[in-house]
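Remarks on the structure that follows.
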Amino acid sequence: MRKLLLLSFIFQMVLCLQAQNIKVVKFGLLETDMTANLHGTSKLDQNGEKAALIKIQAPEQGFTFNGGSLGIVAREDHDGEIWLYVPRRAKKLTIQHKDFGVLRDYYYTVPVEGARTYEMYLDIGIGRYVTIASQIAGSTIYVDGENCGPSPVNHKYLNYGRHKVRALKDRYEGEQEFMITTEDAQGVRIVSVEQRDMSDHFGDVTVNVAGRADIYFEDKNVGTGTWHSQLREGTYVVETRKADCDPVKTSFTVVAQKQNTVQAAPPTPHTGQLSLYTRPRNAVATYNGNNHIDLTEAHTLPIGTYQINLSRKGYVPKDGLEYTVRHNQMTRDTITLERVKYIKPRAFYFGAGYSIRQLGGITALAGVTYRNIDLQLSYTFGLGASDEVSWYSTDGNDTYLSGITYKRSTFAIKAGYQFILTERLGIVPQLGYAIERLSGTVKTGTNLYGDGAAANCLSIGAKLLFAPIQRLYVFATPEFSFGVSKDDNFKRLSDNSDISAGGFMMTLGAIFNF
């Protein structure tokens, strides 16, 4: 029983000691602070009146507050401080922390009025609030190696013990050590750091980085692509950063009274993998222009979108294939290339050739192939002239009139069906209809007879195709045609000369197809 009472007594003593850890070292009205009375930052209490605002500076997180019977209107946690809204005429506050105990019924030392702003500093019993000033205003303050920002640094809570403070600005530097003990006077301690010109210990520094990356020094963005500064002799670290990249740190040493130029390592681009398989293999691939890429293996590439062009002899090229490479991911695809169709089942074509026949000539042709059905138009300009044909009167006297030679021009329309024999060979059996027209030239005499004589013919034949390269045919069209009708002049010419309608012919030439 005695042991139980002893343990209970010790526990109560610990609670009492903890309760004494939390103290309010400062509480007062901020005369010029209008936060509690401004739209957006003011709060109303349960009576509809504007509440008072207490801005609490605390060295640790995890505090809770109890306003007693009047309660707490609202609490907001801001960077470095707690905003506690309390009703007007509030009298006291209980402050709790799981590690540092309880401060019960702290009575405000000044009246609390609505729509007014107050400040409170909490001491947790392990240190003191310190304000650090420097001889040169705006100097960067370091406390135990921590960058605390420009001077003056107000109300920084430091634990009991020895501390080192440095103040740096341009070439001016100061350093001071001090102790914080339990015997220090209550309130905020003031530490002022003297500085002196350290120009002899500084060097000019230029840091460059490729790709217009951002340069960070002491976790602050100091430049993009280039940074110029003056630093005290010693070793430093800069970090380069860029979107979609991993940051990279570069260490460098500054030599006093010299120009120190540093080429910082650029940030490492985020990468992914691209793996493309082509059928057939060994296709020639380029990306984003004329950058060649070997597709026999997966490639690690910076993230982004890539335009891939593929080509292989004998196959239709594929251009503008788009792939997006993502960070730490594999992008895969299989692409099948189609063989080049030298003999096309669907095309528009035109060409020219020479027709070998009686009264032959130059033939121009054009046509279209759709699903292997071939429709063709052609016109032959007659070049070969006939033997001279003599014309006599028909009045019974057989009087000689004229000697005339003739050339034949032919307009033809043909239909056929295309058969693909091999990759480069094709044949098109054709049926056709043609109009043959003769044009005469007087050799002797004065009168022109038989000019414009015409005959209609039907033909049967085939168009033989050979494609030495893509989009080009070399062709031969053997065919036989026979006349089905003739006008009187053509009949008379056929009866009295070797000119006849139709017959066997062969056209040789070339065709361009699209």
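Going through T286, T324 one at a time, which residue ends up being β-branched (V, I, T), in a strand (DSSP E or B) and loosely packed, with under 14 Cβ neighbours inside 10 Å?
T324
Which residue pairs have Cβ atoms closer than 8 Å, lie 6 or more positions apart in sequence or on different chains, and pair a first residue in the range 487-514 that is within 19 Å of V368 (Cα to Cα) with a second residue that is assigned to a loop (DSSP other than H, G, I, E, B) and open to solvent by less than 60 Å² (accessible area, probe 1.4 Å)?
N513/K344
Yes/no matrix, rows are residues, columns are (1) open to solvent by less than 70 Å² (accessible area, probe 1.4 Å); (2) in contact with a Lys or Arg (Cβ under 8 Å, 6 or more places away or on another chain); (3) closer than 14 Å to G360 by Cα:
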| residue | (1), (2), (3) |
| --- | --- |
| S378 | yes, yes, yes |
| E388 | no, yes, no |
| I413 | no, no, no |
| G416 | yes, yes, no |
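Would you tally the residues in the range 243-254 being exposed (fewer than 13 other Cβ atoms within 10 Å of the Cβ) and either within 22 Å of T140 (Cα to Cα) or hydroxyl-bearing (S, T, Y) (or both)?
Final tally of qualifying residues: 2.
If I404 meets every condition in (1) hydrophobic (A, V, I, L, M, F, W, C); (2) farther than 22 Å from E436 by Cβ; (3) touching a residue at least 24 places away in the same chain (Cβ under 8 Å) apart from one, which number is that one?
The single condition I404 does not satisfy is (2).
For the range 90-104, what are the residues that are touching a residue at least 24 places away in the same chain (Cβ under 8 Å) and open to solvent by 40 Å² or more (accessible area, probe 1.4 Å)? Walk me through it before giving the result.
Going residue by residue through the range 90-104, those that are touching a residue at least 24 places away in the same chain (Cβ under 8 Å) are 90, 92-104.
Listed by number, the residues that qualify are K92, Q96, K98, D99, R104.
Here are some residues: R116, R89. Which one is modelled with pLDDT under 95, under 25 Å from D45 (Cβ atoms) and of a type in the set (K, R)? Walk me through how you get there before you give the answer.
On the way: R116 fails: modelled with pLDDT under 95.
Exactly one residue qualifies, and that residue is R89.
Six or more apart or on different chains, Cβ under 9 Å: which pairs go from a residue in the range 465-483 that's within 26 Å of G502 (Cα to Cα) to one that's of a type in the set (D, E, K, R) and not in a strand (DSSP E or B)? Could you list them?
Qualifying pairs under 9 Å: L465/R424.
Which members of the range 390-404 meet the condition of being among the β-branched types (V, I, T) and either crowded, with 16+ Cβ neighbours inside 10 Å or under 30 Å from N372 (Cβ atoms) (or both)? Outline the logic, then answer.
Taking the range 390-404 first, the residues among the β-branched types (V, I, T) are 394, 399, 404.
Scanning the range 390-404 gives a single hit, I404.
Take the residues in the range 49-61 that are in a loop (DSSP other than H, G, I, E, B) and open to solvent by less than 50 Å² (accessible area, probe 1.4 Å); name whichever of them is modelled with the highest pLDDT. Even if it seems obvious, please write down each step before you answer.
Filtering the range 49-61 for residues in a loop (DSSP other than H, G, I, E, B) gives 49, 51, 58-61.
Checking the rest, the ones that are also open to solvent by less than 50 Å² (accessible area, probe 1.4 Å) come to 51, 58-59.
Values: A51: 96, A58: 91, P59: 89.
Checking each candidate, the answer is A51.
Considering only the range 487-501, I want to know if a residue exists there that is in a strand (DSSP E or B), touching a Ser or Thr at 6+ places or on another chain (Cβ under 8 Å) and small (G, A, S).
Applying the first criterion (in a strand (DSSP E or B)) to the range 487-501 yields none.
The answer is no; no qualifying residue exists.
Take residues that are without any contact (Cβ under 8 Å) to a residue 12 or more places away in the chain and open to solvent by less than 70 Å² (accessible area, probe 1.4 Å) and tell me which of the strands (runs of 3 or more DSSP E) falling wholly in the range 114-222 contain 1 or more. Walk me through how you get there before you give the answer.
On the way: elements: 117-123, 127-134, 140-143, 146-150, 153-159, 161-169, 172-180, 189-193, 202-208, 214-217.
Output list reads 146-150.
Just checking, which of G426, G445, G432 is touching a strand residue (DSSP E or B) at 6+ places or on another chain (Cβ under 6 Å), over 14 Å from L359 (Cβ atoms) and open to solvent by 20 Å² or more (accessible area, probe 1.4 Å)? Before you say what the answer is, go through the steps one by one.
Numbers: G426 fails: open to solvent by 20 Å² or more (accessible area, probe 1.4 Å); G432 fails: open to solvent by 20 Å² or more (accessible area, probe 1.4 Å).
Going through G426, G445, G432 in turn, just one is touching a strand residue (DSSP E or B) at 6+ places or on another chain (Cβ under 6 Å), over 14 Å from L359 (Cβ atoms) and open to solvent by 20 Å² or more (accessible area, probe 1.4 Å): G445.
From T305, T226, T271, T240, which residue is at negative phi, touching an Asp or Glu at 6+ places or on another chain (Cβ under 8 Å) and open to solvent by 40 Å² or more (accessible area, probe 1.4 Å)?
T305
The values are calculated or read from the model by the stated rules, or taken from the named source; none is laboratory data. The structure presented is a predicted model; accordingly, all values stated were derived computationally and were not measured. Backbone-built Cβ (ideal geometry, glycine too); neighbour counts: all protein chains shown. SASA here: full protein model, heavy atoms, side chains in, ligands and nucleic acids out. Shrake-Rupley method; radii C 1.70, N 1.55, O 1.52, S 1.80 Å.
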